[in-house]
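Q: Okay, handing you the structure first.
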Amino acid sequence: MNYYFSTITKGSFETIEAKVIELLKDEGFGVLTEIDIQQTLKNKLDVDFKKYKILGACNPPFAYKALQVENKIGTMLPCNVIIQESGANTIEVSAINPMVSMQAVKNDQLHEVGKLVSEKLENVIKNITNEK
């Protein structure tokens with residue numbers, strides 16, 4: 001089992017990023033954090049890097065359920081989704097597969113929540129290339 005779901009699509013980085021955020025909303029997620037790796041590496045190390053963003057996505061009802069059954073699960077929140085340039089007009093979008101990280105936590109109730117979150121994140125990735 002991969003620790004992520006991923007797809008490659010065509011389009012501008014900005015267009016794909018907007019679509020990812022909308023698809024996350026459709027699945028009940030909000031974006032709590034956004035890290036622009038390209039800008040951060042330029043500012044901190046003065047190096048050039050491809051367009052690459054990390055979105056920290058959270059589905060509040062599922063986060064709440066997870067925290068109720070496992071109070072340390074916050075160490076694994078939010079769910080990261082990355083958008084990265086992989087070529088001219090070619091963008092890769094990947095999301096964490098929470099089921100892989102949750103294998104380390106021995107809590108059956110948490111696994112049920114993780115399964116549902118995994119399905120929602122996988123839907124986001126599958127729908128990136130589908131027309132809305």
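FYI, it's all coordinate maths here, none of it is from the lab. Note that the structure is a prediction, hence the values are computed from the model and not measured. Reconstructed Cβ throughout: ideal geometry from the backbone, glycine too, with neighbour counts over all protein chains shown.
Q: Does region 53-69 contain any residue that is of a type in the set (Val, Ile, Thr) and surrounded by fewer than 15 Cβ atoms within 10 Å (Cβ to Cβ)?
A: No, region 53-69 has no match at all.
Q: Among the candidates Lys25, Lys65, single out the residue that is of a type outside the set (Val, Ile, Thr), out of contact with any Ser or Thr (no Cβ under 6 Å at 6 or more places or on another chain) and over 25 Å from Asn127 (Cα atoms).
A: Matching residue, one of Lys25, Lys65: Lys65.
Q: Of all the residues that make up region 87-109, how many are crowded, with 20+ Cβ neighbours inside 10 Å and assigned to a helix (DSSP H, G or I)?
A: Of the residues in that region, 2 qualify.
Q: Restricting to region 14-62, count the residues that are part of a strand (DSSP E or B) and among the hydrophobic types (A, V, I, L, M, F, W, C).
A: Looking only at that region, the number is 7.
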